[in-house]
Amino acid sequence: MDLTSYAEWAVRLANDPEPPPELRRLRDELAGVFDAAGDDRAVAALLNALLVRYPVRHQLSDHDGPWHLHLADDPAATAVMGLAAVVAELGVDRLGRCREPHCGLAFLDTSSNRSRRYCSARCASRANVAAFRARRRNDAL
């Protein structure tokens, strides 16, 4: 069972400025996990608490072929489980916050060399342009 899509749901929810009312608390809790990125023990403690609060239920499905496992349709539990699975399989350093000063959105670093610094190509471009302009200003002085 690939839980990456569930982890991506957790990222979208953590970044959602107006989630459905029933998911606002979870949004804040998931944002806290991304805020703790860099502190392995803090991320693990937060995720463990969320796994207790939002337990996962599995179900068998044959909707697209042979029987296979799915997580039951619970947006909170699937988001938490997906994020926990990514941390368990790939490491805490795969969780990040955009380094573009005016952004700060959460993201999952799925790059092969763990080099992602920005939530999107747009933010990376914005940061690179700002750095280029700052260098030009310094060179002109």
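The values are calculated or read from the model by the stated rules, or taken from the named source; none is laboratory data. Predicted model only: the values in this text are computed from it and were never measured. Positions of Cβ are generated from backbone atoms using ideal geometry, with glycine treated the same way; all protein chains shown enter the neighbour counts. Note: accessible area is taken over every heavy atom of the protein model, side chains too, but ligands, DNA and RNA are not part of it. Shrake-Rupley method; radii C 1.70, N 1.55, O 1.52, S 1.80 Å.
Looking at L46, L3, which is the one that is closer than 19 Å to G91 by Cα, crowded, with 17+ Cβ neighbours inside 10 Å, modelled with pLDDT of 95 or more and not β-branched (V, I, T)?
L46
Which pairs turn up if I take residues in segment 48-71 that are free of Cβ contacts under 8 Å to residues at least 40 places away in the same chain and look for partners that are assigned to a loop (DSSP other than H, G, I, E, B) and exposed (fewer than 10 other Cβ atoms within 10 Å of the Cβ) with beta carbon separation below 7 Å, at least 6 apart in sequence or on another chain?
Correct list of pairs: L60/W67.
Looking only at segment 84-141, count every residue that is within 14 Å of the chain's Cα centre (by Cα) and of a type in the set (S, T, N, Q) and tell me the total.
3
Let's see how each residue does on (1) open to solvent by 10 Å² or more (accessible area, probe 1.4 Å); (2) in a loop (DSSP other than H, G, I, E, B); (3) not aliphatic (A, V, I, L, M):
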residue	(1), (2), (3)
A79	no, no, no
L83	no, no, no
E89	yes, no, yes
D93	yes, no, yes
P101	yes, yes, yes
R114	yes, yes, yes
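Scan segment 12-43 for residues that are open to solvent by less than 40 Å² (accessible area, probe 1.4 Å) and of a type in the set (G, A, S) and jot them down.
A14, A31, G32, A36, A37, A42 - these are the residues of segment 12-43 that are open to solvent by less than 40 Å² (accessible area, probe 1.4 Å) and of a type in the set (G, A, S).
Of everything in segment 103-112, what is touching a residue at least 60 places away in the same chain (Cβ under 8 Å) and open to solvent by less than 20 Å² (accessible area, probe 1.4 Å)? Give them in sequence order.
Selection gives A106, F107, L108.
More than 18 Å from the chain's Cα centre (by Cα), surrounded by fewer than 16 Cβ atoms within 10 Å (Cβ to Cβ) and not in a helix (DSSP H, G or I): is that true of D73 in this structure?
In short, yes.
State whether one or more residues within segment 52-59 are part of a helix (DSSP H, G or I) and under 18 Å from the mean Cα position of the chain (by Cα).
No, segment 52-59 contains no residue that is part of a helix (DSSP H, G or I) and under 18 Å from the mean Cα position of the chain (by Cα).
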